[in-house]
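Okay, so here's the structure we're looking at.
The values are calculated or read from the model by the stated rules, or taken from the named source; none is laboratory data. Bear in mind that the values here come from a model prediction, so they are computed numbers and not experimental data. For neighbour counting, all protein chains shown are included, and Cβ atoms are generated from backbone atoms with ideal geometry for every residue, glycine included.
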Amino acid sequence: MNKTNSFRKTIIIASLIFGMLFGAGNLIFPVHLGQLAGKNWLAASSGFLISSGLLPLMALIAISITHSHGIFELAKPIGKKYALIFLVLTHATLGPLFATPRTATVPYTIGIAPLLPGNMQKVGLLIFSAIFFGIVFFLSATEAKITDLIGKILNPVFLLLLFLIFFLAFSNPMGAAKDAAFTASYAHNAFTNGFLEGYNTMDCLAALAFGITVITSICSLGFKREKDVAITTVKSGMFGIFAIAIIYVCLIWLGATSLHDFKLSSNGGTALAQISHHYLGTAGDALIAALTTITCITTVMGLVVAFAQDFHKRFPKISYKTFLAINCLLSFIIANMGLDTIISWSTPVLMLLYPLAISLVILGILSPLYKNDPVVYKITTALTLIPALFDMINTLPEVLRSTPLIQAILSYAERYLPMFHLGFSWLTFSLAGLIIGLIIHFVKQFNYSAVED
């Protein structure tokens, strides 16, 4: 394979990764972060880019280093039961419970709902989501179509639409980002809050879930040797995620500058619609509706295909298309609960899964150091899980969080868990687990070598 042909195929896979990772949440959460952070948008951006850009890239690197085809193989050293549970929880979060339904509710909320009277909102969402997931099922039913559809057709259309908004905004900004007001929580903890806001994109989880789709697509382009597949995965991931990072910075800046003309909105979707309308008027409303719908279709295709591929591999008696249909049907049902409900219930789950995913990714990258010793995996994961459970409880919806039992648990966590108030109590526990695991591993290796001598 000559270098030109290899580079072209790398760019095609990079475009695939870009299209699968960048969805509606990736449009609205950076804008909302910009409005929350105001003039501290650069510090917030740094944290956001680590959790929503660097971590997904690290996830792809972990998959390539361990030669895994997805979440199950990567988590398998911890134990087959844990790997299966983690796979199910991750795909349920990315699939029918949260991320996949959100891909329908976001474009509806931004582009369709404003055009309908109040008494037609529920019916409108029902019709829109039915059509949306019908199209998704049709496009995803043949796995071979996904690279061409996402990498060659939908991505260029999406980028052209987004570039138009950026061009107008940078040519005539609403104000200086350095003068924008900021919310109280971003006065001193802009970096850490920006990092946690990146959880909402679910990019790290998605990169783990899309691993099987990326590997399958790379192999279909003629890369057969494990080394070539691994190198192409890393190169493509760097190109695709770098493009996403640039867009994130632009969107965060847009959110910060918009405060000169608009008040802080309840979500980034509203803010993005206001910005688009400011520059393009009624045409902007149509543009943002088309923009969000296109980017959501690219992302949801990756989500439902990865879901069906992984579950079909684990449970081969059930066909790929059956899992695809189940995911689309459940996502359609949950989408009709509404965007606000989906977001409020997804946060606690992400606070639990993200620390476990981050520790798993780091363990995968470092695995050559300790020869994939299950002891290191198990101790690190066990110590990460404990504070992650407390972080999950801390972000439960207020109706549950206000109960006496939950308040007692939170009071205990605030007293004894370091950095709990920042949402990073898992970090010290995870590092401690990694160090303990490595010590045990090297002591075992030393004793084994001594016995041999």
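Regarding the stretch 109-116, can at least one residue be identified that is assigned to a helix (DSSP H, G or I), at pLDDT below 90 and surrounded by 23 or more Cβ atoms within 10 Å (Cβ to Cβ)?
So the first thing to find is which residues in the stretch 109-116 are assigned to a helix (DSSP H, G or I), and the list is 109-115.
From what's left, at pLDDT below 90: 109-115.
Filter once more, keeping what is surrounded by 23 or more Cβ atoms within 10 Å (Cβ to Cβ): 109-110.
Yes, because at least one residue in the stretch 109-116 is assigned to a helix (DSSP H, G or I), at pLDDT below 90 and surrounded by 23 or more Cβ atoms within 10 Å (Cβ to Cβ).
Of (1) at positive phi; (2) crowded, with 24+ Cβ neighbours inside 10 Å, H67 satisfies all except one. Which?
Going through (1) at positive phi; (2) crowded, with 24+ Cβ neighbours inside 10 Å one by one, H67 breaks only (2).
Specify which of the listed residues (F323, F332) is part of a helix (DSSP H, G or I), among the hydrophobic types (A, V, I, L, M, F, W, C) and closer than 20 Å to G25 by Cβ. Explain how you work it out, then say what you get.
Working: F323 fails: closer than 20 Å to G25 by Cβ.
Only one candidate passes the filter, namely F332.
Considering only the stretch 164-249, give the helices (runs of 4 or more DSSP H) lying wholly within it that have at least 2 residues that are out of contact with any Lys or Arg (no Cβ under 9 Å at 6 or more places or on another chain), more than 15 Å from G53 (Cβ to Cβ) and of a type in the set (S, T, Y). So that I can check it myself, show each step before the final result.
Values: elements: 190-197, 203-209, 211-220.
Those helices (runs of 4 or more DSSP H) span 211-220.
Which of the helices (runs of 4 or more DSSP H) contained wholly in the stretch 1-51 include at least 1 residues that are assigned by TED's automatic domain parsing to the domain that holds S266, at pLDDT 85 or above and closer than 14 Å to G194 by Cβ? Full working, then the answer.
Working: elements: 3-21, 24-37, 41-49.
Correct list: 24-37, 41-49.
Select from the stretch 172-195 the residues that are crowded, with 22+ Cβ neighbours inside 10 Å and either among the aliphatic types (A, V, I, L, M) or more than 25 Å from K39 (Cα to Cα) (or both) and write down the one among them that is modelled with the highest pLDDT.
A190
Quick one: is S68 under 15 Å from G237 (Cα atoms) and either outside any helix (DSSP H, G or I) or touching an Asp or Glu at 6+ places or on another chain (Cβ under 7 Å) (or both)?
Numbers: under 15 Å from G237 (Cα atoms): no; either outside any helix (DSSP H, G or I) or touching an Asp or Glu at 6+ places or on another chain (Cβ under 7 Å) (or both): yes.
Answer is no for this residue.
Between a residue in the stretch 385-396 that is assigned by TED's automatic domain parsing to the domain that holds L422 and any residue that is part of a loop (DSSP other than H, G, I, E, B) and of a type in the set (G, A, S), which pairs come within a Cβ distance under 7 Å, given they are 6 or more apart or on different chains?
D391/G423
Yes or no, residue by residue, for (1) small (G, A, S); (2) at pLDDT below 90:
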position: A207; (1), (2): yes, no
position: L254; (1), (2): no, no
position: S258; (1), (2): yes, no
position: Q274; (1), (2): no, yes
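For the stretch 414-426: of the residues being without any contact (Cβ under 8 Å) to a residue 24 or more places away in the chain and part of a helix (DSSP H, G or I), which is nearest to N200 (Cα to Cα)?
By that ranking, first place goes to H421.
What are the residues in the stretch 227-274 that are touching a Phe, Trp or Tyr at 6+ places or on another chain (Cβ under 6 Å), surrounded by 20 or more Cβ atoms within 10 Å (Cβ to Cβ) and under 26 Å from G38 (Cβ atoms), if any?
Residues satisfying the conditions are I244, I252, A256, G268.
Just to be sure I understand, how many residues within the stretch 352-407 are part of a helix (DSSP H, G or I) and either more than 20 Å from G198 (Cβ to Cβ) or of a type in the set (F, W, Y) (or both)?
Our first condition is that a residue be part of a helix (DSSP H, G or I); within the stretch 352-407, this holds for 352-369, 374-394, 398-401, 404-407.
Subset that is either more than 20 Å from G198 (Cβ to Cβ) or of a type in the set (F, W, Y) (or both): 354, 363, 366-369, 374-383, 385-386, 389-390, 393, 398-401, 404-407.
The qualifying residues number 29.
I need the full set of residues from the stretch 70-101 which are crowded, with 24+ Cβ neighbours inside 10 Å and over 26 Å from L329 (Cα atoms), in order please.
Listed by number, the residues that qualify are L74, A75.
Looking only at the stretch 377-386, count every residue that is within 21 Å of the chain's Cα centre (by Cα) and surrounded by fewer than 23 Cβ atoms within 10 Å (Cβ to Cβ) and tell me the total.
Total satisfying the criteria: 1.
Hey, among L159, L164, L196, which residue is assigned by TED's automatic domain parsing to the domain that holds G281 and without any contact (Cβ under 8 Å) to a residue 40 or more places away in the chain? Full working, then the answer.
Numbers: L164 fails: without any contact (Cβ under 8 Å) to a residue 40 or more places away in the chain; L196 fails: without any contact (Cβ under 8 Å) to a residue 40 or more places away in the chain.
From the options L159, L164, L196, the qualifying one is L159.
Among the candidates F315, F311, F323, which residue alone is in the same structural domain as F210 (by TED's automatic domain parsing), crowded, with 20+ Cβ neighbours inside 10 Å and free of Cβ contacts under 8 Å to residues at least 60 places away in the same chain?
Values: F315 fails: crowded, with 20+ Cβ neighbours inside 10 Å; F311 fails: free of Cβ contacts under 8 Å to residues at least 60 places away in the same chain.
So the residue among F315, F311, F323 that is in the same structural domain as F210 (by TED's automatic domain parsing), crowded, with 20+ Cβ neighbours inside 10 Å and free of Cβ contacts under 8 Å to residues at least 60 places away in the same chain is F323.
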